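> For reference, the structure I am asking about is given below.
The values are calculated or read from the model by the stated rules, or taken from the named source; none is laboratory data. Being a predicted model, the structure only gives us computed values, none of them experimental. With ideal geometry, Cβ positions are generated from the backbone for all residues, glycine too; neighbour counts draw on all protein chains shown. Side chains are part of the model used for accessible areas, which takes the heavy atoms of the whole protein and leaves out ligands, DNA and RNA. Shrake-Rupley method; radii C 1.70, N 1.55, O 1.52, S 1.80 Å.
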Amino acid sequence: MTAYSIWLLEYAYTESCPMGTLVYGKHNEGSAKVPFGYVLIKGPDTTILVDCGYDNRAHGEVLGRKSGARRWYPPRAVLAECGLKPEHVDHVVITHAHYDHMGGMRFFTNATFYLQEAELSEWISTISLPRSFDWLMSATDPADVMYAAELAAEKRLVLVRGDLEDFVPGLDLRLAADSHTAGSQYCVVRNDGLHNSKDAYVCAGDLVYVHENLHGGTPEDPKYIPIGYAMGSQRNLLLASEAMMQIVAKDYKRILAVHEEKMFSLYPSTTTKTGLRIAEIALRNGQSSLVA
Ligand SMILES: [Zn+2]
């Protein structure tokens with residue numbers, strides 16, 4: 001039984017991400033094309049998005065331009081390629097509060113959002129720091145943090161404390177504290193519905209930028225190498241990598257990394273009329289392919 005269809009949807013990309021950002025220590029190895037994306041998970045009655053992109057206006061536009069983002073499309077255009085509208089999304093998991101994962105919240109007017117309590121409180125603390133700490137804000141839009149607090153007051157934001165099993169059936173949230181950010185979380189899809197799943201995927205947020213973070217370039221003798229852009233502990237990033245790899249029985253291809261260009265060659269994929277790509281990770285019975 002395959003409970004959910006899963007797609008990775010590209011909504012923009014940059015052609016100039018420094019390798020040293022993607023993989024710690026690759027300081028003199030040039031730059032790479034890096035997609036920006038989110039993961040769409042669709043069951044018979046429920047539509048879930050893991051992360052939601054950003055809004056290419058105001059400070060979101062400034063941060064996108066700094067990243068070299070190109071061909072940005074809003075969720076309405078990206079989801080239209082899947083026959084969906086933003087209003088159809090029931091649940092949005094925010095893995096962490098960086099602008100390119102969280103800044104699109106306003107587009108999803110019917111969704112309930114899930115963010116770690118430690119993530120929100122730490123960013124409220126961080127936006128209060130003196131200007132000399134601005135590096136910590138290099139990928140965070142203060143307006144997104146404030147909007148998350150507004151959603152909390154509207155009872156549309158679930159502030160998760162630690163791990164949360166079955167927030168919808170078969171989907172779990174796991175906290176990776178003090179790693180990429182203070183309260184990064186990843187989302188596990190147990191696609192056979194079993195607790196000891198043999199068909200699990202992990203939506204990794206930015207705990208992994210590229211699969212090289214999981215194998216160090218030698219999948220046959222894997223060595224974890226952290227991402228090059230962490231607000232927290234590199235050691236905790238490696239421990240989170242190990243925890244995620246245990247969930248997928250060490251099959252790194254099941255770690256869904258939205259910034260990994262290779263996702264579109266590891267899985268069947270297509271380029272839509274926007275010039276952006278869709279990777280088809282899993283299809284439930286009766287769901288027709290988006291890439292055939
Ligand atoms: Zn990030």
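> Only helices (runs of 4 or more DSSP H) wholly contained in the range 198-292 count here; list those with 2 or more residues that are free of Cβ contacts under 8 Å to residues at least 40 places away in the same chain and open to solvent by less than 50 Å² (accessible area, probe 1.4 Å). Steps first, answer last, please.
On the way: elements: 212-215, 234-247, 263-266.
Those helices (runs of 4 or more DSSP H) span 234-247.
Every residue, every condition in (1) out of contact with any strand residue (DSSP E or B) (no Cβ under 6 Å at 6 or more places or on another chain); (2) in contact (Cβ under 8 Å) with a residue 12 or more places away in the chain, yes or no:
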| site | (1), (2) |
| --- | --- |
| W7 | no, yes |
| E10 | no, yes |
| G20 | yes, yes |
| K26 | yes, yes |
| G37 | no, yes |
| G43 | yes, yes |
| R57 | yes, no |
| V78 | no, yes |
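> Of all the residues that make up the range 176-195, how many are away from the ligand (no atom under 16 Å from the Cβ) and either open to solvent by 30 Å² or more (accessible area, probe 1.4 Å) or of a type in the set (V, I, T) (or both)? Write out each step before concluding.
Taking the range 176-195 and keeping what is away from the ligand (no atom under 16 Å from the Cβ), we get 188-195.
If we keep only those that are either open to solvent by 30 Å² or more (accessible area, probe 1.4 Å) or of a type in the set (V, I, T) (or both) as well, we get 188-189, 192-195.
The qualifying residues number 6.
> Could you check the range 99-114 and list, in sequence order, the residues that are out of contact with any strand residue (DSSP E or B) (no Cβ under 6 Å at 6 or more places or on another chain) and over 19 Å from H59 (Cβ atoms)? Before you say what the answer is, go through the steps one by one.
Filtering the range 99-114 for residues out of contact with any strand residue (DSSP E or B) (no Cβ under 6 Å at 6 or more places or on another chain) gives 99, 101-107, 109-110.
Selection gives T109, N110.
> Still on this structure, please answer the following. List pairs: first residue in the range 152-169 and open to solvent by less than 70 Å² (accessible area, probe 1.4 Å), second residue of a type in the set (S, T, Y) and assigned to a strand (DSSP E or B) anywhere in the structure, Cβ distance under 7 angstrom, at least six positions apart or on different chains.
R156/T112; V158/T112; V158/Y114; V160/Y114; F167/Y114
> Could you check how many residues of the range 89-107 are open to solvent by less than 10 Å² (accessible area, probe 1.4 Å), more than 14 Å from the ligand (Cβ to nearest atom) and part of a helix (DSSP H, G or I)?
Number of matching residues: 1.
> For the condition in contact (Cβ under 8 Å) with a residue 40 or more places away in the chain, open to solvent by 30 Å² or more (accessible area, probe 1.4 Å) and under 23 Å from L237 (Cα atoms), what is the one hit in L136, L120, L173?
Working: L120 fails: open to solvent by 30 Å² or more (accessible area, probe 1.4 Å); L173 fails: open to solvent by 30 Å² or more (accessible area, probe 1.4 Å).
Within the list L136, L120, L173, the selection yields L136.
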